[in-house]
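A.B. asks: Quick one: the structure is below, and I'll ask about it shortly.
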Amino acid sequence: MNIEDFDFNLPEELIAQTPLKNRAASRLLVLHPDTGEVAHKQFPDIKNYLKKGDCLVLNDTRVLPARLYGIKEGTGAKVEVLLLHQQEKDTWEVLMKPAKKIKIGTVIVFGDGKIRATCTGIKDHGGRVLQMEYEGIFYEILNELGEMPLPPYIKEQLPEKERYQTVYAREEGSAAAPTAGLHFTNELLDEIRAMGVTIEFITLHVGLGTFRPVSADKIEDHQMHAEFYQMSEETADALTSVREHGGRIITVGTTSTRTLETIARDHDGQFVKSSGWTDIFIYPPYKFQAIDGLITNFHLPKSTLIMMVSALAGRGNILKAYNEAVQERYRFFSFGDAMLILSRM
């Protein structure tokens with residue numbers, strides 16, 4: 001398929017720059033894949049589409065305040081560092097500005113010496129490997145010195161770091177938030193549980209490749225970035241039970257979807273305890289093995305994420321729904337409104 005098949009017109013003013021004061025105050029567009037019909041709701045109305053015996057699957061990854069500003073030891077030159085993922089205890093793969101001047105052996109100092117980082121490797125994509133030295137607990141120091149790595153289309157500053165975290169975030173490691181989960185409050189989750197809906201958690205650490213544009217004209221030629229995921233035996237057993245009893249499995253976000261579809265693909269459609277790296281690329285036509293529905297945000301034109309939802313609901317249905325969302329002035333992207341797609345209503 002051609003990349004242009006997933007384009008649509010999006011006025012820039014519809015890109016949400018700040019989160020709503022109340023997480024659950026966003027709007028909800030409900031799309032019926034069988035008919036293409038849409039309904040316009042508020043996010044708490046999600047309860048009306050869930051049933052006893054269903055299961056929501058949420059990604060409990062926690063975003064690191066991964067953007068650091070430091071200086072090169074000896075020259076005082078300013079350096080910006082973005083932590084990508086932890087290779088070993090104190091070794092990180094990073095992106096840097098300016099990268100070309102960072103050679104093996106270069107030392108960068110952050111926070112008046114609270115962290116000293118030595119470049120120990122150069123990656124093929126231009127990234128660097130840094131060995132960190134510090135006293136105390138690294139994540140506490142990072143929380144003090146670091147900034148949230150907001151997506152490039154968000155120009156506003158975020159006054160509260162926790163507003164770019166889900167209320168259930170607990171596993172440190174993401175460079176970006178699983179934003180479909182930002183709509184949930186603890187109170188709403190409790191109400192959903194009280195309905196007899198199971199809530200289970202997986203972990204997928206979101207990488208910056210999430211924001212990497214598709215450069216290939218033919219989407220089949222695009223190579224996805226790899227991200228680390230894990231699912232516990234308890235979650236696997238719970239999902240198996242939901243399926244055996246006829247309940248629906250509804251993922252919150254594309255990251256949860258990629259995790260479950262990866263596990264189902266690799267284990268003959270079964271849910272098992274699993275961890276590893278996934279670069280699964282879901283686009284039409286794709287036969288979903290793991291999920292019956294998806295709660296997601298509105299995605300960028302020509303992105304791998306709009307391709308995924310097109311695989312679930314049909315490209316024509318998605319583009320029609322997106323055009324209606326534009327007309328109705330929905331808020332788009334990370335801090336924007338939500339969409340519910342249920343293949344089994």
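A.B. asks: Show me the strands (runs of 3 or more DSSP E) found entirely inside region 1-64 where at least 3 residues are farther than 21 Å from Q165 by Cβ.
C.D. replies: By residue number, 27-31, 38-42.
A.B. asks: When you look at S274, is it out of contact with any Leu (no Cβ under 8 Å at 6 or more places or on another chain), of a type in the set (S, T, N, Q) and within 20 Å of G181 (Cα to Cα), yes or no?
C.D. replies: Here the answer is no, as S274 does not meet what is asked.
A.B. asks: Just a yes or no: is a residue in region 169-181 open to solvent by less than 10 Å² (accessible area, probe 1.4 Å), at pLDDT 95 or above and not basic (K, R)?
C.D. replies: The answer is yes; a qualifying residue exists.
A.B. asks: Going residue by residue through region 106-123, is there one that turns out to be buried (at least 19 other Cβ atoms within 10 Å of the Cβ), at pLDDT 90 or above, in a loop (DSSP other than H, G, I, E, B) and not charged (D, E, K, R)?
C.D. replies: Checking region 106-123: at least one residue is buried (at least 19 other Cβ atoms within 10 Å of the Cβ), at pLDDT 90 or above, in a loop (DSSP other than H, G, I, E, B) and not charged (D, E, K, R).
Yes or no, residue by residue, for (1) of a type in the set (D, E); (2) surrounded by 21 or more Cβ atoms within 10 Å (Cβ to Cβ); (3) more than 28 Å from R331 (Cα to Cα):
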residue: M132; (1), (2), (3): no, no, yes
residue: E144; (1), (2), (3): yes, no, yes
residue: E147; (1), (2), (3): yes, no, no
residue: I154; (1), (2), (3): no, no, no
residue: R163; (1), (2), (3): no, no, no
residue: G196; (1), (2), (3): no, no, yes
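A.B. asks: Taking Y330, is it open to solvent by 10 Å² or more (accessible area, probe 1.4 Å), under 26 Å from L10 (Cα atoms) and either in a loop (DSSP other than H, G, I, E, B) or free of Cβ contacts under 8 Å to residues at least 12 places away in the same chain (or both)?
C.D. replies: For Y330, the condition - open to solvent by 10 Å² or more (accessible area, probe 1.4 Å), under 26 Å from L10 (Cα atoms) and either in a loop (DSSP other than H, G, I, E, B) or free of Cβ contacts under 8 Å to residues at least 12 places away in the same chain (or both) - is not met.
A.B. asks: Out of region 88-105, which residues are open to solvent by 20 Å² or more (accessible area, probe 1.4 Å), hydrophobic (A, V, I, L, M, F, W, C) and outside any strand (DSSP E or B)?
C.D. replies: Those that are open to solvent by 20 Å² or more (accessible area, probe 1.4 Å), hydrophobic (A, V, I, L, M, F, W, C) and outside any strand (DSSP E or B): A99, I104.
A.B. asks: Can you find even one residue in region 202-218 that is touching a Phe, Trp or Tyr at 6+ places or on another chain (Cβ under 8 Å), of a type in the set (K, R) and either closer than 24 Å to F332 by Cβ or surrounded by 24 or more Cβ atoms within 10 Å (Cβ to Cβ) (or both)?
C.D. replies: Taking every residue of region 202-218 in turn, none turns out to be touching a Phe, Trp or Tyr at 6+ places or on another chain (Cβ under 8 Å), of a type in the set (K, R) and either closer than 24 Å to F332 by Cβ or surrounded by 24 or more Cβ atoms within 10 Å (Cβ to Cβ) (or both).
A.B. asks: Take the residues in region 215-237 that are of a type in the set (D, E) and modelled with pLDDT under 95, then tell me which one is nearest to D60 (Cα to Cα).
C.D. replies: E227
Listed here are the residues, each with its yes/no results for (1) modelled with pLDDT of 95 or more; (2) in a helix (DSSP H, G or I); (3) under 17 Å from N59 (Cβ atoms).
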| position | (1), (2), (3) |
| --- | --- |
| D190 | yes, yes, no |
| R193 | yes, yes, no |
| I199 | yes, no, yes |
| T210 | no, yes, yes |
| P213 | no, no, no |
| L239 | yes, yes, yes |
| G247 | yes, no, no |
| T255 | yes, yes, yes |
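The values are calculated or read from the model by the stated rules, or taken from the named source; none is laboratory data. In this text the structure is predicted, and so the values were computed from the model without any measurement. No Cβ is skipped: glycine too gets one built from the backbone with ideal geometry, and neighbour counts run over all protein chains shown. For accessibility, only protein heavy atoms count, side chains too; no ligands or nucleic acids. Shrake-Rupley method; radii C 1.70, N 1.55, O 1.52, S 1.80 Å.
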